[in-house]
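First up is the structure itself, then whatever we jot down about it.
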Amino acid sequence: MGAGNSIDYNRLMALNQKVKNSSASNAERDELMSLLYRNNSITKKQYDDYIAGRNIDEILKTSLVIAGIVLLGYLLSKLVSK
């Protein structure tokens, strides 16, 4: 899952919270999906379906879970490396 990719975890966390709280703009939701796609956390099909407007609610719900897992992995790696 994107081991070689650089991701802004602070931005991911902020976007994840905004989408989760239903306060994200369309641009912020798009940014979250783009971040997850560039990190190889979601598939091209999921990203393409989101962009095309198919299954948006389902894809966003799944993406929130995925973003949470990515953030958890990041935090755990920080704890282990100390």
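For the range 61-81, enumerate the residues that are surrounded by 13 or more Cβ atoms within 10 Å (Cβ to Cβ) and of a type in the set (V, I, T). Result: T62, I66, V70. The residue pairs whose first member lies in the range 66-80 and is under 18 Å from M33 (Cβ atoms), whose second member is part of a helix (DSSP H, G or I) and of a type in the set (F, W, Y), and whose beta carbons are closer than 7 Å, counting only pairs six or more residues apart or on different chains, are L71/Y9. Among the residues of the range 1-23, the ones that are part of a loop (DSSP other than H, G, I, E, B) and either at pLDDT below 90 or within 15 Å of M33 (Cβ to Cβ) (or both) come to 8 in all.
Scanning the range 68-82 for residues that are part of a helix (DSSP H, G or I) and not hydroxyl-bearing (S, T, Y) yields G68, I69, V70, L71, L72, G73, L75, L76, K78, L79, V80.
Note on the range 33-67: residues that are assigned to a loop (DSSP other than H, G, I, E, B), small (G, A, S) and out of contact with any helix residue (DSSP H, G or I) (no Cβ under 7 Å at 6 or more places or on another chain) amount to 1.
Which one of these does K45 not meet: (1) of a type outside the set (V, I, T); (2) closer than 22 Å to N10 by Cβ; (3) without any contact (Cβ under 8 Å) to a residue 60 or more places away in the chain? Among (1) of a type outside the set (V, I, T); (2) closer than 22 Å to N10 by Cβ; (3) without any contact (Cβ under 8 Å) to a residue 60 or more places away in the chain, the lone unmet condition for K45 is (2). Taking the criterion of being over 21 Å from S6 (Cβ atoms), surrounded by 11 or more Cβ atoms within 10 Å (Cβ to Cβ) and charged (D, E, K, R), the residues of the range 16-60 that qualify are K18, K20, R29, D48, D49, R54, E58.
The values are calculated or read from the model by the stated rules, or taken from the named source; none is laboratory data. Worth saying up front: this structure is predicted, and the values here are computed from it rather than measured. Note: ideal-geometry Cβ built from the backbone for every residue, glycine included; neighbour counts use all protein chains shown.
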